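The values are calculated or read from the model by the stated rules, or taken from the named source; none is laboratory data. This one's a predicted model, so the numbers in the text were calculated from it and none came from an experiment. Using ideal geometry, Cβ is built from the backbone for each residue, glycine included, and neighbour counts are taken over all protein chains shown.
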Amino acid sequence: MTNHPRPAPRGHRLWFLAVTALLVVAGLILPLFRPELERNLAAWLRAATLLLGALLVIVWYVFLSRLEIKARVLTGILLVILGVEAPQLLRVDGSVDGRGLPKFAWKWQRSPAAALSGKVPILLPPTPAADAGEVPGFFGPNRDGIVTGARLATDWAAQRPTQLWRQPIGAGWSAFAVVGGRAITQEQRGEEEAVSCYDVRTGQLVWLHTDEAHFSQWQGGEGPRATPTVDRGRVFSYGATGILNCLDATNGRALWTRNILTEYQLENLTWGTSSSPLVTDDAVIVTGGLTAGPTVLAFHRETGAPLWQSGSDKASYASPILATLAGRQVVLSNNAGSLTAHDPATGANVLNYAWSDDKWPKASQPVVLPGDRVFLSAGYGIGCVLLKVDAAPDGKLAATQLWKTNRMKTQFNSATLRGEHLYGLDDGLLACVAVADGQRVWKDGRFGSGQTLQVDDLLIVQSEPGAVVLAEAKPDGYRELGRLPALSSKTWNHPTLAGRYLLLRNDREAVCYELPQRAP
């Protein structure tokens, strides 16, 4: 009888796992050698690398590992079952952060907005707080992200901010407008989009106006995006589905309403209409939708009657501002692919400057600098540009590029000017850029897709994870003066400082702090 040699045991092809591991490590490390690589792109590249690595490990286990066939078959069946059942158990609950990666939650978990639906406020008599300060709308008292004369104490270790109240709030990325001791914002409550008014000192809900509207997008989440504007006893709000309201500031009663997207047959923006209304003497001005024009629209402040419409670009996520350039007052609008200037009375388009393209969202406010200059910036790798605006021979305005750089890439944040420097979040890091040539002076701290507010020679930085940082606004370097664990989840909302009251919120909770002040 002949004895045949036993076949040599076959290996498990572990070299495949080794190569996969090397590829994954390389994919995770390579973005570190590209410091100016846009962080959204870097995050998606890392996510794709991890996903590819996981798929390759599954391929190895099921088809190449030479492990026991029964175990491999059972594992394959289990993976198929998980793939089929996962959509039945999980839902996308917005994004993890401003980089856009999906955040998952169990389907049976209620959203904070749903939990707040149906609440009816107790109307309170007005109790004006003389020390609350006036911030009648978006991005500071003058719509430029700057607060002056606050006299904030800078040693938060010795003088801690005092929390006055903290409470749940409906979903949305609006900020607070503060007038007469009342803080007004927008939020989602169940299937109703609300304009809500709170007492600054106590957080008590004073009045609530609701519309049957519900905007939701898987990355941006649900709820309104814009901040109300308060003007001469009226509140003007612009919802995420295009509802423009004029309300009585005393009790929230509707005075007139228009549905801009429906009336003008405009497609909504991907992440919802976000323009905070600009109010002039007689007009309320907002921007349009994803349809190419009208880009900017004005309505009569008293009646809501249409006054004018202008522009042929798609709208974006910035809000119009009033500015004076080359001796002429204009409404500036940062659109999907252009900066336009419009006559406030007629809407006539007197400047149309194309910058970047309309493929990536623009959410940053134009910054008007002395000398008829305008600074524009955007995230997603676009960068920034400084323009010089002059009167043109045809009676319009003309813009000339002075410099362009990628050293300030604001995403949801808007830069502010102090002296000869601009301060803002460059792809999540606080940065200082020289106005003269666009060179970055310094860049430090990690705040994600947060927001900044310039207060005299200080910066209040609302980080995306929720903490608030007090820092210096000086070109000689980054210096953190204080830190406050204000909120504990994703925060894209602008902070509001009204006098010594700092009002903060995100899509889950709101809080008010009384900040210590320096002696006069």
- Message: Can you say whether A240 is more than 28 Å from S449 (Cα to Cα) and touching a residue at least 40 places away in the same chain (Cβ under 8 Å), as far as the supplied structure shows?
- Response: no
- Task: Being over 19 Å from the mean Cα position of the chain (by Cα) and of a type outside the set (F, W, Y) narrows it down to one of K396, K362, so name that one.
- Result: K396
- Screening T257, T270 for residues that are within 17 Å of the chain's Cα centre (by Cα), of a type in the set (S, T, Y) and either assigned to a loop (DSSP other than H, G, I, E, B) or assigned by TED's automatic domain parsing to the domain that holds A345 (or both) leaves only T270
- Message: Just the residues that are among the small types (G, A, S) and either surrounded by fewer than 22 Cβ atoms within 10 Å (Cβ to Cβ) or outside any strand (DSSP E or B) (or both), please, taken from segment 317-337.
- Response: A318, S319, A323, A326, G327, A336, G337
- Expected single match for of a type outside the set (V, I, T), more than 14 Å from V230 (Cβ to Cβ) and touching a Phe, Trp or Tyr at 6+ places or on another chain (Cβ under 6 Å) among G172, G149, G145, G190 is G145
- Hey, R418 surrounded by fewer than 23 Cβ atoms within 10 Å (Cβ to Cβ), modelled with pLDDT under 95 and over 26 Å from G337 (Cβ atoms) or not: no
- Note on the structure: segment 458-520: strands (runs of 3 or more DSSP E) wholly inside it with 1 or more residues that are free of Cβ contacts under 8 Å to residues at least 40 places away in the same chain are 458-462, 468-472, 480-484
- Item | Of all residues making up segment 479-520, the number that are β-branched (V, I, T) and more than 16 Å from D131 (Cβ to Cβ) | 2
- Message: Just checking, does segment 281-291 include any residue being in contact with a Cys (Cβ under 8 Å, 6 or more places away or on another chain) and assigned to a strand (DSSP E or B)?
- Response: yes
- If you check D93 against the conditions, is it among the acidic types (D, E), surrounded by 15 or more Cβ atoms within 10 Å (Cβ to Cβ) and part of a loop (DSSP other than H, G, I, E, B)? no
- Task: With a cut-off of at least 2 residues that are over 30 Å from H421 (Cβ atoms) and at pLDDT 95 or above, name the strands (runs of 3 or more DSSP E) lying wholly within segment 146-237.
- Result: 162-168, 182-189, 192-199, 205-212, 229-231
- Restricting attention to segment 1-59, which residues are closer than 21 Å to I382 by Cα, at pLDDT 85 or above and either in a loop (DSSP other than H, G, I, E, B) or β-branched (V, I, T) (or both)? none
